[in-house]
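A.B. asks: Take a look at this one; I'll ask things after.
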Amino acid sequence: MVNHTRRASRGTVRWLALVLGALALTLTACGGDDSSSSSTSGAAATSTTASTGASTTASGGSAATPDEEFAPGDWAIFGRDWDNTRYAPQDSINKESISRLGEAWHSDLGGNQWLNEAFPIVVDGVVYITTSTNEIYAFEGDTGRVKWKYAPKVDFSLSSGVGGYGIVVNRGVAVSDGKVYMLTFDCRLKAVSAATGEEIFSTQVEDPRSGAYETMSPAVYNGLVYVGSSGSDQGVAGFVAAYDGDTGREKWRFDTIPPVGEGWRRRGTGGGTVYMAPQIDTENGNVIFGTANPSPAIVGVDRPGDNLYTSSIVALDAMSGEYRWHHQVVAHDLWDYDAASPVVIFDAIIDGERRRMVAEAGKSGWLVFLDARTGEQIHPRLSFVRQQRSRPTERPTLQCPGPLGGSQYSPMAYSPRVEAVYVSGIDFCFLLAVSDEKLPGESRFGGTRSFPSDSRPSGSFSAVDVRTGRFIWRQRMSTPMGGGALVTGSDIVYTVDQLGYLYAFDAATGRELWKGNLGLAGAAAPVLYTIDGVDYIGAAVGGSGLTSSNDFGPIGARFYALKLDGREIIPPRAPRNPSTD
């Protein structure tokens, strides 16, 4: 395990160098800076807090060939491929045939389940899906028969959960080398047999008494399992750690903010948690992830400077955890603008030159395009929701997007055919007021937030040309869009809304091709998988913390598998427990 005391002592000099090296930015950021900054050299490049027994690589990273290949019909990792494109090349469900789309099977995920944010994984024809209370179901992907269920004992009492309101969710598993990995709410990494569901190991990754809790799906690459945690608004300090996939032993850990008393960090401050699956850039050998806001969230007096690496996109060497580069989307964040949505990686021709790029759409409401090797910004940032912000004061002021707006955890999709990314947007403004009042479960928010009575939340779903950084098309949606996207080889892009509708749009034009009522709010992106030559659209629905706390749509927990010439989709009336007979 990592020696945290030794790591902290080495970090003193490094974080001091970081602060001195960024002094000019710090002076301008103290009042709240909604601009971004990037660095790959100088003081920032030496500010890693990784501690590892593995050898480190030279600055700039080195490619590491993946030791695992995926079957073409599977959806074997979070974004289907290492670049997290959520692009499936199958094309049997196309613009001519999609009117025949119907239900192959469905399963409720338990009568006691009232939310679902889980992203399905499909390996060797088996669908793995989690519930909000940390059960794992393994379904036969063509019939819906339950192969096994894993239900660990989890302590839900030590943290108040998503948004501070006791809302419990889980965003899915990772599957590799015959094992299924899940993070439980009480901060344990579990590994179970993919064949039987039998537990293999259980490792504590963080102390839940700190306010930390787990909602993310882990990521696996070359034998390492990558994890982070949630809890920035409770003052939790963020990290990304890598664990041995066979033993559960920690290999390295990178702290996203300095220890208390070093750099910008004072007692009572925290943040920078990582609560969505990190992504692997196999060409450059990096693991790339986004971080949450600093805390207190809307008051910055006790956290001077840019507050690195909060509200940032960070790249580390995937095998050693050594720092590679960062891009801070919002310096000295005063609006709770997590950069948490998973990045998507792709190649594009820019000014006649091939560029490997990273794109991320965060709660700031900005879409950013970066060089995957250096973190350099390529296109001007693009706003995909309303922008109106000022420094929060004791008097309530309108902030757009608010802390629940922009793009929360929703993954984008990328089409290599259209050369576009697809962005889910949440237009949701809030009145923020600085005060000593503590929100329930968000002791480090720094004030209050309220919803303006004359404003109605809505959403958008947009296609953006990766070559230019400009919109190709935009769809205004009646509800906030919080699920994410899937795009296919037939140039159809799918997404879900808060009312329970699954939409299919023409990926090139935005024309609506089809929609079906799944009956429960969508809070995770659909997937596409193939078994015995039949293509299935898989969608887990049930709603998110955003849905339940704002009454945006019907909640529950159900998984649907759709196929051509399936039966009529009948929305649920009352949830039931899946049969395990």
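A.B. asks: Which loop-located trypsin sites (Lys or Arg not before Pro) does segment 258-348 contain, where loop means any DSSP state but H, G, I, E or B and the Cβ has at most 11 other Cβ atoms within 10 Å?
C.D. replies: Sites meeting the loop and neighbour criteria: R267.
A.B. asks: Please compute the per residue accessible area over segment 198-288 with all protein chains in place, 1.4 Å probe, rounded to a whole number of Å².
C.D. replies: Result: 28 Å² of accessible area for each residue.
A.B. asks: Here's a follow-up. Tell me, what % of the accessible area of segment 242-382 is carbon and sulfur with a 1.4 angstrom probe?
C.D. replies: After summing per-atom areas, the C and S share lands at 43 percent.
A.B. asks: Report the net charge of residues surrounding S92, where surrounding means a beta-carbon distance below 14 angstrom and charges are Lys +1, Arg +1, Asp -1, Glu -1.
C.D. replies: Around S92, the charge tally is -3.
A.B. asks: Okay, moving on. Quick one: putting +1 on the C-beta of Lys and Arg, -1 on the C-beta of Asp and Glu, what dipole do you get for segment 304-460 around its Cα centre, in Debye to the nearest 20?
C.D. replies: So the magnitude is around 280 debye.
A.B. asks: Select from S478, G402, S458 the residue farthest towards the positive end of the dipole of segment 391-506; place +1 on Cβ of Lys and Arg, -1 on Cβ of Asp and Glu, and compute about the Cα centre.
C.D. replies: G402
A.B. asks: Take the cross-link list K95/K563; K153/K563; K147/K251; K147/K190 and give me the ones stretching past 26 Å between alpha-carbons.
C.D. replies: Check vs 26 Å cut-off fails for K153/K563; K147/K251.
The values are calculated or read from the model by the stated rules, or taken from the named source; none is laboratory data. If you're wondering where the values come from, they're calculated on a predicted model, not measured in any experiment. When we count neighbours, we look across all protein chains shown, and the Cβ atoms used for this are built from the backbone with ideal geometry, even at glycine. Please note that ligands, DNA and RNA were not included when accessible areas were found on the heavy atoms of the full protein model with its side chains. Shrake-Rupley method; radii C 1.70, N 1.55, O 1.52, S 1.80 Å.
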